[in-house]
Amino acid sequence: MASRYREVYRSWQNDPHAFWAEAATEIDWFSPWDRVFDAGAGIYGRWFPGATCNTCFNAVDRHAEGGRKDQPALIYDSPITGRKRTYTYGALKAEVSALAAVLQDLGVGRGDRVVIYMPMVPEAVFAMLACARIGAVHSVVFGGFAARELAARIDDAAPKAVISASCGLEPGRIVAYKPLLDEAIRLSAAKPQNCLILQREEQGCDLVEGRDHDYAALVAAARQEGRDVPCVPVLATDPLYILYTSGTTGRPKGVVRDNGGHMVRLKWSMFNEFGIRPGETFWAASDVGWVVGHSYIVYAPLLHGCTTVLFEGKPVGTPDAGTFWRVIAEHRVTALFTAPTAFRAIRTADPEAALLPQHDLSRFRTLFLAGERADPDTVKWAERTLGVPVIDHWWQTETGAPISQNPVGLGMLPVKYGSPGLPMPGYDVQVLDDAGHAVAAGKLGNVVVRLPLAPGSLPTLWNDDKRFEEAYLHEFPGYYKTADAGLIDADGYLFIMSRTDDIINVAGHRLSTGGMEEVVAEHPAVAECAVIGIADALKGQVPCGFVVLNGKAADIATIEKELIAMVRERIGPVAAFKRVVPVKRLPKTRSGKILRATMQKIADHEEWTMPATIDDPLILDEIAEALEKPKD
Ligand code: COA
Ligand code: AMP
């Protein structure tokens, strides 16, 4: 089939408002918009102002009431606990409605924030949808973050309530969430009045009297009373959620997602980009704490009337590298979406995919990879192993949906290895040099998107319009700065090569090296430090801390252990900070800027050129030597 991509992209270019108005007919609105797009509203304009709607209604109720009541909506598969549960759209509505009633009883209403700090259990999904139902704004915090990170998010969002669980489960260890939550609340100035705690069988926890409530008991009572909370109409431009993501400092950015544009964009993506039909099973093997989990575990598949899979496990070790194949076969998964690192892990554990043939993957059509650069070697291995198209696509927490892709539903274009495809409607992607001039095809530069952003992209940062403008809009007037470096080739394919800021991508997780430097610098023996991301065969990148010691403390082995523990304790295990390299001095420019990019090239054995502004070139030799030096 010839691809309709170019024709569809052109139709968006010719009349973006008509394009999105047409896409919006797939959503049930309570009342229509004043206009599709108001360029004068918000910072760069707002989509569907004046319209009222409810995201939970579109994701749950309209299916439960419209012929999908008995269709599975959510399949929970947890190899880590051995549990599986299926919720039909009817059952999902009952769970969400009861929880919405509990939240209302706790005083949560439209516009109030609710922080959700949960492992990969169905209640995390119910919590998000229950907030959406009553017009509350959820903010999910990934379970791998430590108390201080959670506290920073609680302080910024000032939630009326927190929904959490007694514990999460990682292979071989139970992560007690409740002490982390208690510590975060102790650290934060904005103390939530109520916490709803899910007690898990694997490990319970104590509840603080007057503040903590048992999730199961309150929900059961609400159900017994037959409480049915209707979906509250909200404005299309009202926030559905805040999702914090790493910025260039330790302070995370609160990405705001609206209700209306988000629904329109995600619903459009399910068929046109992912090639999925309502009723089919879609599995995003991510975590609800990340944007991929928000968009493609929860909202997009449910808005589309699909069955979604919530997987509590890892690609390897739960119990083995065949677990993905089992889930695909058992739940008749049509498409899987995961990060390349998951496939690198599977390939390392089972290079010949010996665990594959015992599973029936005949319904499986497409593998989607995102979250980090998909290296051609991994893509080709996945293609060979699965015998289906492997689609790399590029997006960010800020956009909530792919900026570029090879659109399966519109008809696939030829695959170019190393490229996450072509820009999707909504995104006019350009590559500019540092002075803001367009570069020629095939030339590397700053990847930017011409304003306005597509529906569903962030309209601003929570309570911080100024930071939104400074971080994304100031450097290239008229454009959104993605902070990715890349190129567009002569056929219009994008290649995303690296970040232009201090963000690194560790196993598909976005982390700030600036945030890690803030922690490392607090160690009394550290005079100066630089944390950079260095290449890693499994995780793509891992952080590495270069430290200049002030001679005040013990041996480097002790300092290294302490630094690793500090980063784990302050940021969380997800930072995967496990390497410290002592150096005499850090390479700097004459104006004192640390030359992190050159250090990274040296560490990754890439070609590098001597920066013209370097203060003392000899320091780069010292860095190379320090990296080669075996540990004492
Ligand atoms: N709660 C608590 N701790 C968590 C956690 C959570 N939700 N998620 C991860 N951690 C911990 C891990 O246990 C690990 O701790 P350790 O240092 O004690 O071993 C640490 O954080 C790092 O985790 P991770 O980066 O996931 O590495 P891993 O070695 O456990 O697993 C992979 C490696 C490749 C299997 C894993 O990273 C993976 O499946 N990645 C998929 C990426 C993904 O889902 N990306 C989302 C965007 S699509
Ligand atoms: P996050 O906000 O966590 O989704 O991370 C977004 C960042 O991950 C992007 O800015 C890119 O640097 C990187 N990224 C995501 N998807 C891809 C991809 N397909 N190819 C290359 N980089 C990607």
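Taking residue 468 as the residue in question, decide whether it is of a type in the set (Phe, Trp, Tyr), open to solvent by less than 10 Å² (accessible area, probe 1.4 Å), away from ligand 2 (no atom under 14 Å from the Cβ) and under 19 Å from the mean Cα position of the chain (by Cα). Against the criterion (of a type in the set (Phe, Trp, Tyr), open to solvent by less than 10 Å² (accessible area, probe 1.4 Å), away from ligand 2 (no atom under 14 Å from the Cβ) and under 19 Å from the mean Cα position of the chain (by Cα)), residue 468 qualifies.
For segment 314-365, a tally of residues being open to solvent by less than 30 Å² (accessible area, probe 1.4 Å) and at positive phi returns 1.
Return the total of residues in segment 505-524 being part of a loop (DSSP other than H, G, I, E, B) and within 16 Å of ligand 1 (Cβ to nearest atom).
Narrowing segment 505-524 to residues part of a loop (DSSP other than H, G, I, E, B): 507-508, 521-524.
The next check asks that each one be within 16 Å of ligand 1 (Cβ to nearest atom); those that pass are 507-508.
So the answer is 2.
Restricting the first residue to segment 92-118 and requiring it to be farther than 21 Å from residue 462 by Cβ and modelled with pLDDT of 95 or more, which pairs with a second residue that is assigned to a loop (DSSP other than H, G, I, E, B) and among the hydrophobic types (A, V, I, L, M, F, W, C) meet a Cβ separation below 7 Å and a spacing of at least six or different chains? Here the result reads 97/229; 100/229; 101/229; 104/229, each pair linking segment 92-118 to a residue that is assigned to a loop (DSSP other than H, G, I, E, B) and among the hydrophobic types (A, V, I, L, M, F, W, C).
If you go through segment 513-540 and pick out every residue that is open to solvent by 20 Å² or more (accessible area, probe 1.4 Å), in contact (Cβ under 8 Å) with a residue 40 or more places away in the chain, within 16 Å of ligand 2 (Cβ to nearest atom) and in contact with a strand residue (DSSP E or B) (Cβ under 6 Å, 6 or more places away or on another chain), you end up with 2.
Evaluate segment 607-621: report whether one residue or more is of a type in the set (Gly, Ala, Ser), open to solvent by less than 50 Å² (accessible area, probe 1.4 Å) and either more than 30 Å from residue 174 (Cβ to Cβ) or free of Cβ contacts under 8 Å to residues at least 60 places away in the same chain (or both). I'd like the intermediate steps shown before the answer.
Step one: filter segment 607-621 for residues of a type in the set (Gly, Ala, Ser), giving 612.
Filter once more, keeping what is open to solvent by less than 50 Å² (accessible area, probe 1.4 Å): none.
Within segment 607-621, none of the residues are of a type in the set (Gly, Ala, Ser), open to solvent by less than 50 Å² (accessible area, probe 1.4 Å) and either more than 30 Å from residue 174 (Cβ to Cβ) or free of Cβ contacts under 8 Å to residues at least 60 places away in the same chain (or both).
The values are calculated or read from the model by the stated rules, or taken from the named source; none is laboratory data. The structure displayed is predicted, hence computed values, not measured ones. Cβ sites come from the backbone with ideal geometry, for glycine too, and all protein chains shown count toward neighbours. The accessibility values were calculated without ligands, DNA or RNA, using every heavy atom of the protein model including side chains. Shrake-Rupley method; radii C 1.70, N 1.55, O 1.52, S 1.80 Å.
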